[in-house]
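Below is one structure, written out as structure tokens, with a few remarks after it.
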Amino acid sequence: MSTPTASPRQSKQPDERHDEIVAATRQLFAERGVAKVSVTEIAKRVGVTRGLIYHYFPDRDALIDLIFEDHITEFVDAVSRWDADREPGNVAKALLDCVVLFRHHLHAKDMFREDLGHPENAGLYNRFVDRAVRAIVERLRVTTVEAYARAHHIDIEHVGEVFYVLVYGLIGLVRSSPDVDDQVLVAIVRQTLHLDMGTANTTL
């Protein structure tokens, strides 16, 4: 009686295999937490060798960064929609809508972001926030800031750096004081950026 042989591993296109690895990484991070998942576990979930994982990704951090990008892109796209939908001239409403959007995404519940909030993931959390803030500030710079500058003098220097400190600070404030009123956040933004609230004809 002949001994059965194992079926050869199914050959897949590089893009398909790449997507499988990313999907498995997302699942494992959600199930076990970022800090507890190894490349070996990811390879086992996909059904490939560790070497094949490293063929697509230089290290585990590259996989983490890719998952970061999913969440960052979601927030940046929301900022773009806010910018496209805001009512020209109504600076107060635009600021309040932006604060509401900011708070919504900051408090959005998913396993990945909840896991990042654990003390053992402080380094990863800071890396994630830094990348997210830089992406958000860049999107604001090429949309909202340029639109505002066409109608007003921007009364601050180092615009990008000021926006970075502002957004990073707002994240820290809302995390440490989740009950802070939206109007307080609006006032902080307005005062920090020296915004001209103007009249109904003011353009933002």
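On the given criteria, is Asp77 modelled with pLDDT of 90 or more, surrounded by fewer than 17 Cβ atoms within 10 Å (Cβ to Cβ) and among the charged types (D, E, K, R)? Here the answer is yes, as Asp77 does meet what is asked. Within the option set Phe112, Phe102, being of a type in the set (A, V, I, L, M, F, W, C), assigned to a helix (DSSP H, G or I) and at pLDDT 90 or above holds for one residue only, Phe102.
Per the conditions (1) over 23 Å from Asp97 (Cβ atoms); (2) assigned to a helix (DSSP H, G or I); (3) at pLDDT below 95; (4) not aliphatic (A, V, I, L, M), the sole criterion not satisfied by His153 is (2). Does segment 115-126 include one or more residues that are small (Gly, Ala, Ser), buried (at least 16 other Cβ atoms within 10 Å of the Cβ) and either not assigned by TED's automatic domain parsing to the domain that holds Glu20 or not in a loop (DSSP other than H, G, I, E, B) (or both)? No, because not a single residue in segment 115-126 is small (Gly, Ala, Ser), buried (at least 16 other Cβ atoms within 10 Å of the Cβ) and either not assigned by TED's automatic domain parsing to the domain that holds Glu20 or not in a loop (DSSP other than H, G, I, E, B) (or both).
Pull out all pairs, ordered by first then second residue, where Cβ-Cβ is under 9 Å, the residues are six or more apart or on different chains, the first lies in segment 163-175 and is under 15 Å from Tyr125 (Cα atoms) and modelled with pLDDT under 95, and the second is surrounded by fewer than 14 Cβ atoms within 10 Å (Cβ to Cβ) and of a type in the set (Gly, Ala, Ser). Between residues of segment 163-175 that are under 15 Å from Tyr125 (Cα atoms) and modelled with pLDDT under 95 and residues that are surrounded by fewer than 14 Cβ atoms within 10 Å (Cβ to Cβ) and of a type in the set (Gly, Ala, Ser), the close pairs are Arg175/Gly117.
Give the residue that is surrounded by the fewest Cβ atoms within 10 Å (Cβ to Cβ), with candidates limited to residues of segment 8-31 that are among the small types (Gly, Ala, Ser) and free of Cβ contacts under 8 Å to residues at least 60 places away in the same chain.
Ser11
Of all residues being in contact (Cβ under 8 Å) with a residue 12 or more places away in the chain and part of a helix (DSSP H, G or I) in segment 32-42, which is farthest from Glu69 (Cα to Cα)? Just the residue, please. Top of the filtered list is Glu41. Against the test of being hydrophobic (A, V, I, L, M, F, W, C) and under 30 Å from Ala35 (Cβ atoms), the options Val165, Val145 yield a single qualifying residue, Val165.
Residues in segment 83-114 that are of a type outside the set (D, E, K, R) and either under 22 Å from Ala151 (Cβ atoms) or outside the structural domain of Val186 (by TED's automatic domain parsing) (or both): Ala84, Pro88, Gly89, Asn90, Val91, Ala92, Ala94, Leu95, Leu96, Cys98, Val99.
The values are calculated or read from the model by the stated rules, or taken from the named source; none is laboratory data. If you're wondering where the values come from, they're calculated on a predicted model, not measured in any experiment. All Cβ positions, even for glycine, are placed from backbone atoms using ideal geometry, and neighbour counts span all protein chains on display.
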